[in-house]
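For reference, the structure is listed below as C-alpha cells.
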Amino acid sequence: MSITKAAPPGADHRDTEAPEGDPGGEQQGWQFSSPLVLTMLLILMVALQGPIRGAVSTPVMQSWMTVFVAVVVQALPFLVLGVLLSAMLAVFVPPSFFARALPSRPALAVPVAGMAGAVLPGCECASVPVAGALVRRGVAPAAALAFLLSAPAINPIVLTATAVAFPGRPEMVVARFVASLLVACAMGWLWQRLGRADWLRPPAHPSDEGLGKGAAFWSSVRHDLMHAGGFLVVGAMAAATLKAVVPAHWLSLAADNPVVSVLALAVLAVLLSICSEADAFVAASLTQFSLTARLAFLVVGPMIDLKLFAMQTATFGRGFALRFAPATFVMAVASSVLVGAVLL
C-alpha cells in the first residue's frame, strides 16, 4: 500500500511529478540568454581574429568603417538630446495643455498644431503616443495628426542636426522645414475633409500611466533610446554599404535620373526607419544623389516608415494606417519635389 502526499490546494499536478530521468523535477537543457550569446560571440571573434583582421584591413572594409563611425558619432549627441527632450515633453507636459492652446475650429487648429512641432522637440517614436493622448483629451483628430507629422520633422533638434550635417547649405534646413510643414498641414486638412470617424480607432491608454513622473520619464528614455539607437545603427550600416560596397556606376545610374533618385531615397527612408534626430547625417553621406532627392529622404522618413506604420496601427487601428500612410508618402514626395525645385 503506497501513500501519496497530497498536493497543496491550487497546485498543478504537473509540478509534483518529476520528468523521467530528472529526479529533481527541473528540466535540464541549454537556455540561451544575452550574456551567454555575448560570451559565445566574443569567443568566436577571438578564435577567428586572424581572418577578421585580414578582412577589416581591406580598403573596402576600411572605407565602410570610416563612413559608419562618422555617421554614428555625428548623430549620437543629437539622438540622445532628442530622446531626453521627447521624454520630458511626453511625461511633464499634460495633454490638456494642447487642448487649451489650440483653436476650437479644426481648420485653424491644423496649422497651429503643425507649427507647434517647430517649438516642441520630439522624435517620431514619441509623436504617435502624444497624438493619441491629444485625441483622447478631445483635440480634433485633424490637428492631432498635423502635430504627429510635424513634431518629429521640424523641431529644433532636427533642424539643428540638419544644419550641422549640411554645413554651408542653409537652404537645406529651410527646404526641410517648409516641405515638412506643408505635408503636415495638407494631411491634417485632408483628414478633416475626407476622414471618417470609423476609420480612426480611439487610442487606448498608455501602459505607463500608473507610473510616477520619474519612472515614466526614464521608461520613455530607455524605450526611445533603444529603438532609435538601433535604427540609427542600421541606417549607418546601410549608408556605409551604399558608399563602400555598391558599385559607383549603379548609384550614378539611379542618381542621374531625377525621378528614380527621388523615389529611390523616399523608399529607402521608409525601409531604414531612422530616427529623425539622426537621418540628416545619413542623407548627407549620400553625396551621389541630388539635394532634392536627399530632401525627399528627410521629409518622408519622419512621417512614414516601417516602425511608424506599426505604431500607428497599434494606436489608431489598421484601417487608419492603411489609408493614412500611403497618402502621407505621396504627399511627402510631391512636397519634396515642389519645394526642392523652388529652394534647391
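The values are calculated or read from the model by the stated rules, or taken from the named source; none is laboratory data. From a predicted model like this one, the values you see are computed outputs, not experimental measurements. No Cβ is skipped: glycine too gets one built from the backbone with ideal geometry, and neighbour counts run over all protein chains shown. Calculation scope for accessible area: heavy atoms of the full protein, side chains included, ligands and nucleic acids excluded. Shrake-Rupley method; radii C 1.70, N 1.55, O 1.52, S 1.80 Å.
General observations
- Measure of compaction for the stretch 244-344 (Cα Rg per 2.2 N^0.38 Å): 1.11
- In Å², nearest 10: area of Trp250 left accessible to a 1.4 Å probe: 150
- Spacing of the two label points (7 Å from each Cα toward its C-beta) at Thr58 and Thr39, in nm: 3.3
- Surface accessible to a 1.4 Å probe, per residue, for the residues of the stretch 246-344, Å²: 37
- Whether the stretch 133-189 is rounded, prolate or oblate, judged on the alpha carbon gyration tensor where a/c under 1.5 counts as rounded: oblate
- Over the stretch 286-344, relative contact order from alpha-carbon pairs under 8 Å, at least 6 apart, %: 52
- Shown for the stretch 261-344: the carbon plus sulfur share of the solvent-accessible area, taken with all protein chains present and a 1.4 angstrom probe, equals 75%.
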